[in-house]
Amino acid sequence: MKLSKTFILYFFVLLVLLFTLFPFLWMIITSLKLPNEIYSSPPTIIPEVLNFDGYKTMLNPDADPNLNFMNWFFNSTKVSLLTTLFSLIISALGGYGLSRFRFKGNMGIGYIILITQMLPGSLLIIPLYIIMKDMNLLNSHFGLILANTTFALPFCTWMMKGYFDTISPSLDEAAMVDGANRWTVFSRIILPLTLPGLVVTGIFAYITSWSEFLFAYTFLNDYEKWTLSVGIASFQGQYVVNWDYLMAGSVFTTIPIVIVFWIFQKYLISGMTAGSVK
């Protein structure tokens with residue numbers, strides 16, 4: 001009886017795993033197909049010959065004048081890293097303030113911050129565009145970084161507040177009795193204890209910025225300043241879709257996310273559980 005339950009459990013886990021990984025497997029397989037195999041009917045499941053032309057084209061800036069993949073990759077990396085940095089700094093300070101300081105309307109402010117996360121990006125695009133235009137930040141990476149930070153910050157702040165709530169305020173009080181000021185308590189005592197929370201929050205901000213399309217498509221006009229999401233979307237024309245380029249570029253776009261999860265998986269697992277235990 002116990003063996004049958006274990007078999008059923010593993011069967012459903014395997015089923016969910018296959019369902020989750022299938023889009024990525026199909027993306028990789030399609031990127032390795034020849035053009036005639038991509039458009040064949042019925043579709044070819046396994047390519048007869050592995051075709052790496054799409055990957056070579058992505059990595060070679062001289063292969064196609066309409067492609068600037070490596071520049072787009074660098075732009076996305078810069079925008080995502082700076083968005084993550086700004087989000088971590090502001091959300092750590094905001095989360096600590098909401099967790100430690102008690103004042104009238106404290107929880108109300110926290111809920112307002114969380115509610116703003118529910119607003120879709122399409123609702124914010126027009127006011128953000130007007131603000132960026134007035135500040136001369138259109139068609140600049142800094143303007144895109146500010147927009148991405150604005151979108152990621154509410155949830156990051158609430159998440160950091162949850163981690164700070166798990167740390168006893170008695171640590172702050174003990175340190176201040178010993179002569180430490182509030183900044184020293186925050187930066188040297190409390191903040192290092194929230195390392196798993198910082199990692200989880202940073203990963204959320206990084207992925208949000210890395211995969212963001214709407215803001216980048218609206219605010220960036222120059223071809224050289226595009227991010228990966230906008231650049232890869234350009235492979236899809238009105239009448240023709242370059243599936244080999246599209247899928248090869250999507251594989252390259254997925255690799256950094258996989259690397260980030262692989263490097264920080266230890267902190268990610270502990271961080272996801274620590275915030276729910278007080």
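Readers should treat all values here as calculations from the given coordinates under stated rules, not as data from a laboratory. On a predicted model such as this, the values are computed, not experimentally measured, just so you know. Cβ placement follows ideal geometry from the backbone for every residue including glycine, while neighbour counts extend to all protein chains displayed.
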Checklist entry - Short version: ³J(HN,Hα) in whole Hz for each residue of the range 244-252, in order, from phi by Karplus 6.51 cos²θ - 1.76 cosθ + 1.60 (θ = phi - 60°), x for Gly and Pro, what are they? => result 5, 5, 4, 6, 5, x, 5, 5, 4
Checklist entry - Of Lys33/Lys266; Lys33/Lys56; Lys161/Lys266; Lys104/Lys161; Lys78/Lys133, which sit over 24 Å apart, Cα to Cα? => result Lys33/Lys266
Item to check | Residue with peak Gaussian network fluctuation, the chain [Cα springs, cutoff 10 Å], from Val230, Val79, Val177 | outcome: Val177
Checklist entry - What's the center-to-center distance, using Cα atoms, between the range 1-72 and the range 163-178 in Å? => result 49 Å
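Which semi-axes, in whole Å and largest first, does the equivalent ellipsoid of the range 90-201 have when worked out from the alpha carbon gyration tensor as the square roots of 5 times its eigenvalues? Don't skip to the end; give the middle numbers.
Numbers: eigenvalues 206, 48, 31 Å².
After diagonalising the Cα gyration tensor, the semi-axes are 32, 15, 12 Å.
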Item to check | Student exercise, the chain dipole from Lys, Arg, Asp, Glu Cβ charges, in Debye to nearest 20 | outcome: 1100 debye
Item to check | Helix 106-116 vs. the chain, principal-axis angle (Cα, 0 to 90°, nearest 10) | outcome: 10 degrees
Checklist outcome for this item: Of Phe52, Phe252, Phe215, the most mobile residue in a GNM of the chain (C-alpha springs, cutoff 10 Å) is Phe52
Next on the checklist: Apply the Karplus curve 6.51 cos²θ - 1.76 cosθ + 1.60, θ = phi - 60°, to the phi angles in the range 120-125 and return the couplings in whole Hz, x for Gly and Pro.
Outcome noted: x, x, 5, 6, 8, 5
Checklist entry - Pulled fully out, how much extra length does the chain show between Tyr111 and Trp26, if you take 0.36 nm times their separation in residues and subtract their Cα-Cα distance? => result 26.5 nm
Next on the checklist: Just to check I understand the Karplus step: with θ = phi - 60° and J = 6.51 cos²θ - 1.76 cosθ + 1.60, what whole-Hz values come out for the range 220-230, glycine and proline as x?
Outcome noted: 9, 9, 6, 4, 6, 9, 4, 9, 4, 4, 6
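Assuming R0 = 41 Å, can you tell me the calculated FRET efficiency for the pair Ser122 and Ile255, based on Cβ-Cβ distance, to the nearest 0.05?
So, using R0 = 41 Å, E works out to roughly 0.90.
Tell me, in nm to one decimal, what length is gained between Phe19 and Thr44 on full extension, where the rule is 0.36 nm per residue of separation less the Cα-Cα distance? Mind showing how you got there, number by number?
On the way: separation 25, 0.36 × 25 = 9.00 nm, distance 1.96 nm.
Value of the extension gain: 7.0 nm.
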Checklist entry - If you find the alpha carbon centre of the range 130-158 and of the range 83-129, how far apart are they in angstrom? => result 14 Å
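Which of Met118, Met132 has the fewest other C-beta atoms within 10 Å, and how do the rest follow up to the most? Don't skip to the answer; put the middle values down first.
Numbers: Met118 9, Met132 21.
The fewest-first ordering by Cβ neighbours comes to Met118, Met132.
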Item to check | Degrees, to the nearest 10: 69-100 long Cα axis against longest axis of the chain | outcome: 20 degrees
